[in-house]
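For reference, the structure discussed in these notes is given below.
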Amino acid sequence: MEKCSNKYSKPRCEEIVRFIKNEYNRKKIPLHEPRLLGREMEYLWRCIDTGYVSSVGEFVVDVEKDIASYTGAKYAVAMCSGTAALHMALMCAGVKADDEVITQPLSFVATANAISYLGASPIFVDVDMETMGMSPKSLSDFLDLHCVKRYGKCYNKHTNKHISACVPMHTFGMVCQIDEIAQICQSWGIMLIEDAAEGIGSKYKDIHCGRFGLAGVFSFNGNKVITSGGGGMLITDDEALAKRAKHLSTTAKIPHLYEYDHDEIGYNYRMPNLNAALLKAQIENLDLCLMSKRRQAERYAKFFETMGIKFINEPIECNSNYWLMGIILEDRNKRDELLEFANDNDVMMRPAWKLLSQLKMYKNCMKDSNQNAKYLVDRIVCLPSGVLS
């Protein structure tokens, strides 16, 4: 209790921790844990009984249909992680070595890593204060200042490299102003791939995130709203892209009754049937999880309003899944005081990620001021956000 040094901050830290412990009614509270609410065991046993536990089985096909139907996409391809899905989306969209891809600095490292897997270089443009996702203004300003359009494609005037794609990320499930970003990308001849890893269940103007560009990807890691343990999904309305993504993610194997033949370098990225069985049961309770998280967000918002602390509410025209709920404090010192106190008292809280543009392997990449991202990363505290029973 002594580590919250400021006389004003210490009682405030205590009050916040007390409220959260009362909400979750537990001694130790994780940041986000899976809730197994339905037929998970039944479906897992079905896998075991049939022997289909790897990348072939009924549940892999089922969850692809379920996610396509839920999001309104024409096609969905199940993969072993959200990172793999993003890698495949970029590859199948035609991103090549020495291309440049615009993304945002406030994101999990997988966003930039997937770009780098292809030998492309990320460019980091700033985020909006409200959405925490890519700012359409920052994107437009960067393109106007640094880029030129040649033969329908966008090129960086300084490096002379092709800017082939743009990858905004929907931070904590809050959808960015994705329709404006889509319009900017279209006018510059840039492919739009949505990193919706955190966004299952989130919509913008009543359209599910991941559906505004050529493709979108989701993560079903153990800390997401619903989980397959480890897994991801690519969605698209482009039939050719979906077929190629499925082919490449299945080691580029040519279908045959018994022969093993592969027509190009592929990837062992398909989601195993065991993981898909878990996800199938989770999808059946997705709407219940979303309702529970929305109620929790409402209680958090009311509580922090009484304390004069900004709770991160969904942006205008966004219907958020509230994957991670958070607050914005006055400065980095206040942020760190609360983080230290809460974690010392068995309430797991976390800051936002270190900005990608500040990581060792990406610090020399091209970027704008990243002003808003720097402000937010110094002040955001992510609160326990698990689904309550």
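So the values come out like this:
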read-out	value
Eligible lysines near Lys27 by straight Cα distance, threshold 27 Å, same-chain separation 8 or greater	Lys3, Lys7, Lys10, Lys224, Lys293, Lys302, Lys310, Lys334
Listed residues Leu279, Cys185, Ala297: farthest to the positive end of the dipole of the chain (Cβ charges)	Ala297
Eligible aspartates and glutamates near Lys161 by straight Cα distance, threshold 16 Å, same-chain separation 8 or greater	Asp98, Asp99, Glu100, Asp144
Zone of Glu317's modelled label, taken as backbone nitrogen in segment 173-200 under 13 Å from a point 7 Å along Cα→Cβ	175-184
Coarse-grained scattering of segment 17-137 at q = 0.10, 0.11 Å⁻¹, given as base-10 log I(q)/I(0) from a Debye sum over alpha-carbon atoms	-0.56, -0.67
Length added when fully stretched, Asp179-Lys354, from 0.36 nm per residue minus Cα-Cα	60.3 nm
Cα-based equivalent ellipsoid, the chain: semi-axes from gyration tensor eigenvalues, Å	34, 29, 17
DSSP bridge pairs, the chain: antiparallel proportion in percent, nearest 5	65 percent
Segment 292-375 - Rg and Dmax from Cα coordinates, angstrom	15.4, 43
Average accessible area per residue (Å²) across the chain - probe 1.4 Å, nucleic acids and ligands excluded	44 Å²
Within the accessible area of segment 177-221 (1.4 Å probe), percent carbon and sulfur	42 percent
With 10 Å bins from 0: P(r) over segment 171-262, alpha-carbon pairs, percent	15, 38, 30, 13, 4
Rough spin-label spacing in nm, given labels placed 7 Å along Cα→Cβ, for Asn160 and Glu340	5.2 nm
Among Ile254, Val377, Ile102 the positive-end extreme of the charge dipole of the chain (Cβ point charges)	Val377
Tail beyond 17 Å, pair distance distribution of segment 258-322 (Cα, percent)	66 percent
Cut-off of 10 Å, at most 13 other beta carbons, DSSP loop: longest stretch of the chain lacking such chymotrypsin sites (Phe, Trp or Tyr not before Pro)	9-150
Sorted peptide list for 223-229, 86-92, criterion being average Cβ within 10 angstrom, highest first	86-92, 223-229
Fully extended contour minus Cα-Cα distance, from Met129 to Arg294, at 0.36 nm per residue	57.3 nm
Residues Trp45 and Tyr258, FRET efficiency given R0 of 22 Å [Cβ-Cβ distance, rounded to 0.05]	0.15
nm² value of the averaged projected area, convex hull over the Cα atoms of segment 102-237	8.2 nm²
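The values are calculated or read from the model by the stated rules, or taken from the named source; none is laboratory data. Remember, it's a predicted structure, so these values are computed and weren't measured experimentally. Glycine gets a Cβ as well: all are built from the backbone with ideal geometry, and neighbour counts include every protein chain shown. The accessibility values were calculated without ligands, DNA or RNA, using every heavy atom of the protein model including side chains. Shrake-Rupley method; radii C 1.70, N 1.55, O 1.52, S 1.80 Å.
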